[in-house]
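J.: Encoded as structure tokens, here's the structure I'll be asking about.
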Ligand SMILES: *Cc1c(COP(=O)(O)O)cnc(C)c1O
């Protein structure tokens, strides 16, 4: 019996790829599978995304790319994060594409030159005539999810800076822009979060036609009755006012169930129940309205509980929440199906 089960719905990934492709029109869909596919398992996600019509894989680091390469010998793999000169040989041997963020444009591998049009991180402020190994021109949007006017200005800057090089592949859109900013489409869009059926806007993914991919389930490991005045967990943050049944779920912040998720809701035997008290490293508590047997099913994400709800309670975004779910065999059991 595992402490928790992660279920990845590969059919939903293919469906989300379809939704993005419809929104993108002529532009290609490139699947962003960095951070182990946002915690969903990069290999499984990549396979489903390619089956669903994606034409390239994007990761953040050379190591992530090298890990994927043997499973996807023919796929285009773009390393979006900064790389060092010593990585070029590995990248060349593995047939990777890299991103250049300054004038030092490496030779021997296909390069995408990144322009800083407003993100204020990596990228060139101005584009000089690109050398021969450059195959793509890219930029990254800072506000596609929250300030479409600024995003549109970034898109315009990108268009002006790159218009002299129509033979190169132009790409700037992320999920939010792919879904809601048609001007950002260009030749390809690099989409992560929407592929996982999570809303880039922090709202219900169904609003954008997206289907959640990940479900996270566990069960009650122990049920106990607190008498009035008794508490559960560190710091005595939850004290029972009257006799109260408490269920303990064997999932904690070391599993990725963050400490600031106190107050969020999970499903216990199909009913919404509140997480109470301090979340421990290996467990959290839920308030019940009656005694339930141990092993009663608990859904943390899925079955109508959205990751977006937890993100709101924790004051974060689903990106951080799901990429930090610990899926190693010591903590959880992950299966991918529907592929
Ligand atoms: C992570 C990332 C993306 C994907 O963003 P989503 O909002 O998940 O679609 C696109 N481009 C770059 C450069 C990224 O780092």
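Taken together, the values in this text are just the output of simple stated rules run on the coordinates, not laboratory data. Being a predicted model, the structure only gives us computed values, none of them experimental. Because the Cβ atoms are built from the backbone with ideal geometry, glycine has one as well, and the counts that use them run over all protein chains shown.
J.: Ordered by packing density, taken as the mean number of other Cβ atoms within 10 Å over each peptide's residues, highest first, how do 152-162, 300-310, 167-177 rank?
T.: 167-177, 300-310, 152-162
J.: Per 0.36 nm of contour for each residue apart, how much would the distance between residue 129 and residue 55 grow if the chain were fully extended, relative to their Cα-Cα spacing?
T.: 24.0 nm
J.: Give the relative contact order (percent, whole number) for segment 99-158; include only Cα pairs under 8 Å separated by 6+ residues.
T.: 31
J.: Something else now. Enter the Cα centre distance for the pair segment 91-160 and segment 167-219, rounded to the nearest angstrom.
T.: Cα centroid of segment 91-160 versus Cα centroid of segment 167-219: 20 Å apart.
J.: Mind pulling the angle between the C-alpha long axis of helix 148-162 and the longest principal axis of the chain? Nearest 10 degrees, somewhere in 0 to 90.
T.: Value to nearest ten degrees: 30.
J.: In nm, to one decimal, how far is the modelled label at residue 296 from the one at residue 207, with both set 7 Å along Cα→Cβ?
T.: A separation of 3.3 nm, rounded to one decimal place.
J.: Build a GNM of the chain with springs between Cα atoms under 10 Å: which of 264, 244, 101 gets the top mean-square fluctuation?
T.: The residue that fluctuates most here is 244.
J.: Please work out the FRET efficiency for the pair residue 164 and residue 121, using the Cβ-Cβ distance as r and a Förster radius of 25 Å; give the result to the nearest 0.05.
T.: That gives a FRET efficiency of 0.55.
J.: Using just the helices of the chain, give the 222 nm mean residue ellipticity in deg cm²/dmol: DSSP H runs with n ≥ 4 each add -39,500 (n - 2.57), and the total is spread over all residues, rounded to 500.
T.: Value at 222 nm, helices only: -6500 deg cm²/dmol.
J.: Using only the alpha carbons of the chain, determine the length spanned along each of the three principal axes and report them from longest to shortest in whole angstroms.
T.: That gives 74, 42, 35 Å along the principal axes, largest extent first.
J.: What do you get for the angle between helix 42-51 and the principal long axis of the chain? Use alpha-carbon atoms, 0 to 90 degrees, nearest ten.
T.: 60
J.: Another question, if that's okay. Counting only DSSP beta bridges with both residues in the chain, what percent are antiparallel, rounded to the nearest 5?
T.: 50
J.: Here's something else I'd like to know. Measure nothing fancy, just the Cα-based angle from helix 10-24's long axis to the longest principal axis of the chain, in degrees from 0 to 90, nearest 10.
T.: For 10-24 against the chain, the angle is about 40 degrees.
J.: Tell me, what is the percent relative contact order of segment 1-51, built from C-alpha pairs under 8 Å that lie six or more residues apart?
T.: 39
J.: Relative contact order for the chain: what is it in percent, counting Cα pairs under 8 Å that are at least 6 residues apart?
T.: 20
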